[in-house]
Amino acid sequence: MTEARSGSGAPAGGVWADVVGQDAAVAQFRRAASPEGSLAQAWLVTGPPGSGRSTAARAFAATLQCEQGLGCGQCRACRTTLAGTHPDVTVVATDKLSIAKEEVRALVMTAQRAPATGHRRVLIVEDADRMSAGTFNVLLKSIEEPPPSTVWMLCAPSAEDLAPTIRSRCRLVTLAVPSSAVVADLLCRRDGIDEQLAVRAARAAQGHIGLALRYATQDGALAAREESARTLLSLRGAGEAVLAAQGLVDRATAEAKEHADVVAAEEKERFLRSAGIDDGKVPPSLRSQVRQLEEDAKRRQTRLVRDVLDRYLLDAHSVLRDVLSRQLGTEAELVNVEVAREIEQTAGRGSGTITLGLLEAVQEARDRISGNVPPLLAIEALLARIAVSLR
């Protein structure tokens, strides 16, 4: 078993090795899984994007299935759970706008079955906040009265993202934002990333583990982020803001479409293969299912566009926060050290009050996009305000 370590968010070892910066949460899970602990049958794991909600949920599921009862990480039950192939651990994840009622109904039926080989039947719902009110109602009965051997694990950014009837029946575990140092250590240890690059990527990702890995492994990702920061700080008029917004949305759409097309092609290929169709000619009786796959692809692309833009807005927030830090004279380390000169110049031209208002405007743009305001309009409004305020 991997040697356990403690303090400063160091990995706990075994199945918990990749759950970094979450000492309190890991301790809570381990107590619940121990013979002396009190194991709730419904859990709600919350934390900001990239904090490792689903990783923690899978590690807890592996601990519950572990042949040693400790989450050793070495036994077959631990390895298959972490690999996503354990027959008694079901994970629902979506890259579409919402989790469909049909998916949750199937999950509820699965929850009623006794474990096939393991100690428990564990059901993990990633992004549980993407369930509608009607979908929550489908889930409620099973959350209230699950079979004795069933454990539910719902993951969401915050408890308020779920219906009160659901969250009141779950034991809450809240994850923190891991420090950049902890994330950089994980990238080096787990992914073999060069230490200097890992530090840069972790700092830019601001505690988002998945984003840090993307910055460290995708060619040009860090450079593109730095260029976006320079562009943001150089905006000087509404015209420039409109052009920058259009370019940003176009890039987000292209990135999302590329990914969505790949996934759609793979799903269609799997469907045709399972239906025994090898010539590409879909019979009338199956065309509605193909159309459903196409609709799913459109929803997936919409979701991905929003995700890409939200990533940009979080980066913009970090740049403006750096500006505010310099205006207030704090000793906080800059997130965007590569554009420190531009940040200092911008800080000298404005006031903390104005910058604070811009930070609020960034959050408002995020809320608007998540609330179905056309992304281009939301981004244009934000960048125009920034351009005028930073003159």
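Some points to look at:
- Each residue in the range 71-101 was checked for being part of a helix (DSSP H, G or I) and either touching a helix residue (DSSP H, G or I) at 6+ places or on another chain (Cβ under 8 Å) or buried (at least 17 other Cβ atoms within 10 Å of the Cβ) (or both), and 6 pass.
- Odd one out for GLN68 among (1) open to solvent by 30 Å² or more (accessible area, probe 1.4 Å); (2) within 17 Å of CYS155 (Cβ to Cβ); (3) part of a loop (DSSP other than H, G, I, E, B): (2)
- The range 371-391 residues that are within 14 Å of GLU360 (Cα to Cα), paired with ones that are in a helix (DSSP H, G or I) and among the basic types (Lys, Arg) (beta carbon under 6 Å, 6 or more apart): ALA378/ARG368
- One residue stands out in the range 128-166 among those that are open to solvent by 40 Å² or more (accessible area, probe 1.4 Å) and closer than 26 Å to PRO115 by Cα: the one that is nearest to the chain's Cα centre (by Cα), namely ASN137.
- Taking the conditions (1) under 24 Å from ASP127 (Cβ atoms); (2) open to solvent by 70 Å² or more (accessible area, probe 1.4 Å) in turn, VAL305 satisfies each one other than (2).
- In the range 329-343, the residues that are in a helix (DSSP H, G or I) and either modelled with pLDDT of 95 or more or within 17 Å of THR231 (Cβ to Cβ) (or both): GLU338, VAL339, ALA340, ARG341, GLU342, ILE343
- Restricting attention to the range 110-125 and to residues that are among the β-branched types (Val, Ile, Thr) and more than 30 Å from ILE369 (Cα to Cα), the residue that is most open to solvent (accessible area, probe 1.4 Å) turns out to be THR117.
Yes/no per residue for (1) more than 20 Å from the chain's Cα centre (by Cα); (2) open to solvent by 30 Å² or more (accessible area, probe 1.4 Å); (3) within 30 Å of GLY210 (Cα to Cα):
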site	(1), (2), (3)
ILE277	yes, no, no
VAL290	yes, no, no
GLU294	yes, yes, yes
ALA297	no, no, yes
LEU313	no, no, yes
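- When LEU107 is tested against (1) under 18 Å from ILE166 (Cα atoms); (2) surrounded by fewer than 19 Cβ atoms within 10 Å (Cβ to Cβ); (3) not basic (Lys, Arg), exactly one condition is not met: (2).
- Hits in the range 102-114 - residues which are within 16 Å of MET153 (Cα to Cα) and assigned to a loop (DSSP other than H, G, I, E, B): GLN112
- Odd one out for ARG326 among (1) buried (at least 19 other Cβ atoms within 10 Å of the Cβ); (2) within 18 Å of the chain's Cα centre (by Cα): (2)
The values are calculated or read from the model by the stated rules, or taken from the named source; none is laboratory data. All figures in this text were calculated on a predicted structure; none of them were measured in a lab. Note that each Cβ is placed from the backbone with ideal geometry, even for glycine, and that neighbours are counted across all protein chains shown. Keep in mind that these areas ignore ligands, DNA and RNA; they rest on the heavy atoms of the full protein, side chains included. Shrake-Rupley method; radii C 1.70, N 1.55, O 1.52, S 1.80 Å.
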